[in-house]
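Here the structure comes first, spelled out in structure tokens, and everything after it is commentary.
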Amino acid sequence: MTDPAHNQLYGLVVDIMRDSMRELSSAIDVKKAANALRCVVDQALADAEQSWNTLNVWTIAHFPPELLAHIFSWLDIAGRARVTEVCREWRAIALGEPSLWTQITIRNDEGIRCFEDLLRRSGTLCLALDLDYRDPNAVAPIIASNISRIASLTLRGICPTGLFHGPSATQLREFEHRNDSELISIPRSNWAPNLQRLSLSGFYVSLLGDDRPFRHLTHFYGSLANSDATELFTHCPHLVLLHLTDIEGLQYLPRPPIPPSLSTLNLHAYANLRTYLRAYDGHGLQHIHVVSNSENWEIVPLFFASPALPWTFFSDVEGDGADWGDPNPPGLILRNEAGMVLRIQPAAFSAPRTNWSWLPPQLPNLTSMTIAPHQFEDLVGQTPGLYAPSLATLEFIKCHSPFDYHKDFVPFHAPNLRELVVVFRVGERPYAKVLHLVKELRVLLRDTLGLPTGSVSRLTLKNFSARDGDVAVLSQIAQEVIMTDDPEDATSP
């Protein structure tokens with residue numbers, strides 16, 4: 001506001017208050033008059049702003065109803081409910097678009113009170129329900145009366161009585177049950193004839209039958225009985241992902257031939273993996289994930305045996321993944337260029353130092369390795385003469401500053417290594433020790449990996465606690481140092 005306008009408005013307000021005060025006899029009346037003047041000013045400002053927006057600015061009020069409805073769809077269910085309270089126009093748009101009310105999430109029994117209102121707003125469209133409740137009798141009649149149009153159903157409480165005995169869920173594509181304390185089954189094979197995703201926590205389900213009840217199933221998470229496991233692939237020919245839990249009691253895993261569509265197999269704590277992984281090899285699987293104990297590390301050499309598969313090797317089995325910013329230890333991961341992945345995750349978070357005695361000394365197809373420095377020490381110490389001619393990238397993770405390295409490593413021959421990556425632990429501040437780190441790495445490359453100075457053409461430092469500009473400068477200096485030789489590096493420890 002300019003000074004003349006300020007002075008004019010100030011004088012006008014003072015004059016109005018003086019005129020009012022001449023007619024008032026008490027301080028209370030004067031205060032009321034001042035409040036009334038404030039209300040008039042506030043209303044005038046609001047009206048002026050609305051008039052200016054209407055005449056000069058393209059605001060959200062000008063958006064067509066279809067665009068507003070699309071914007072509302074990005075809100076959660078609570079946000080969509082609040083939209084209806086903004087103005088009459090928005091309320092009409094929100095309540096007039098049934099698709100905004102088809103995804104219903106209830107997190108307590110009190111929320112069930114508004115359940116019927118949400119169902120009514122959704123019209124006749126298919127529903128996606130995610131229900132967390134304590135009283136199954138409260139949700140049972142609502143689910144039963146709408147089962148014919150439920151496309152996705154997640155239950156986080158005791159399964160309502162009679163759920164599988166009522167009308168068929170012909171539109172149901174996804175069913176998830178989360179209640180570890182309950183063991184139930186789906187007795188009617190035609191309850192959900194078009195089901196594609198089935199996720200069951202806590203109950204063994206009968207998948208098989210003469211009428212092949214789950215012939216459209218693509219994703220299965222849960223437990224199986226022995227009678228179902230062996231013929232699973234036959235009765236569910238369209239499986240893409242199979243995630244089996246609590247399978248220590250299984251005598252048999254699903255046996256080949258594997259459906260061509262199956263790309264991912266997740267196994268938890270299975271004892272006879274060697275036999276089945278060998279059987280599954282070459283059947284088109286892209287991802288095998290094993291959550292198990294150290295007894296199953298012996299299966300890993302199977303995946304180094306094939307000369308056609310250049311494996312990527314990832315090791316972090318000490319169980320201290322939380323120090324690296326990950327609450328779960330990633331375990332051991334093997335990956336080939338075709339996209340197939342084998343992952344073994346330790347069942348316990350604390351494990352002894354890694355035993356690498358099973359690792360074959362010749363790794364002709366190993367293309368990259370990610371490993372912590374202390375595990376690298378174990379690796380080269382337990383497998384003298386290790387030879388990896390195709391190793392191109394070596395990444396050290398969870399590094400301390402200075403680099404945790406010992407110069408008495410036995411040789412690990414990697415003549416074609418070209419890239420070195422160093423990832424510091426979260427919170428490390430290696431700012432002042434970069435050059436010392438690089439010199440240590442230079443000795444490692446020359447004395448342990450047998451590489452002449454200058455062989456590694458790329459050095460990457462990660463998790464740096466420094467300003468972006470400093471990181472760039474220090475990384476460039478580190479790159480230059482690692483490419484040059486220094487007579488002091490030749491001194492023995």
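Filter the stretch 413-427 for residues that are within 11 Å of Ala372 (Cα to Cα) and not β-branched (Val, Ile, Thr); which is modelled with the highest pLDDT? Going through the qualifying residues, I end up with Phe424.
Would you point out the residue of the stretch 153-180, among those that are hydroxyl-bearing (Ser, Thr, Tyr) and farther than 16 Å from Pro193 by Cβ, that is surrounded by the fewest Cβ atoms within 10 Å (Cβ to Cβ)? That would be Thr161.
Note on the stretch 213-244: among residues that are of a type in the set (D, E, K, R) and surrounded by fewer than 16 Cβ atoms within 10 Å (Cβ to Cβ), the one that is modelled with the highest pLDDT is Arg215.
Quick check, is Ile28 assigned to a helix (DSSP H, G or I), exposed (fewer than 10 other Cβ atoms within 10 Å of the Cβ) and among the β-branched types (Val, Ile, Thr)?
Working: assigned to a helix (DSSP H, G or I): yes; exposed (fewer than 10 other Cβ atoms within 10 Å of the Cβ): yes; among the β-branched types (Val, Ile, Thr): yes.
In short, yes.
Within the stretch 46-77, the residues that satisfy the criterion of being over 21 Å from Ser99 (Cα atoms) and either modelled with pLDDT of 85 or more or assigned to a loop (DSSP other than H, G, I, E, B) (or both) are Val57, Trp58, Thr59. Scanning the stretch 366-386 for residues that are more than 34 Å from the chain's Cα centre (by Cα) and assigned to a loop (DSSP other than H, G, I, E, B) yields Thr383, Pro384, Gly385. Within the stretch 396-412, is even one residue of a type in the set (A, V, I, L, M) and at pLDDT 60 or above? Yes, the conditions are met somewhere in the stretch 396-412.
Let me confirm something: among Arg121, Arg149, Arg113, which residue is in contact with a Cys (Cβ under 9 Å, 6 or more places away or on another chain) and more than 15 Å from Asn179 (Cβ to Cβ)?
Numbers: Arg121 fails: in contact with a Cys (Cβ under 9 Å, 6 or more places away or on another chain); Arg113 fails: in contact with a Cys (Cβ under 9 Å, 6 or more places away or on another chain).
The match here is Arg149.
Of the residues making up the stretch 83-100, those that are assigned to a helix (DSSP H, G or I) and either in contact (Cβ under 8 Å) with a residue 40 or more places away in the chain or exposed (fewer than 12 other Cβ atoms within 10 Å of the Cβ) (or both) number 2.
Of all residues in the stretch 101-124 being of a type in the set (Lys, Arg) and at pLDDT 80 or above, which is surrounded by the most Cβ atoms within 10 Å (Cβ to Cβ)?
Going residue by residue through the stretch 101-124, those that are of a type in the set (Lys, Arg) are 107, 113, 120-121.
Next, from what is left, pick out any that are at pLDDT 80 or above: 120-121.
Numbers: Arg120: 11, Arg121: 20.
Applying the filter and picking the extreme gives Arg121.
The values are calculated or read from the model by the stated rules, or taken from the named source; none is laboratory data. All values reported here derive from a predicted model rather than from experimental measurement. We place every Cβ from the backbone using ideal geometry, glycine too, and count neighbours over all the protein chains shown.
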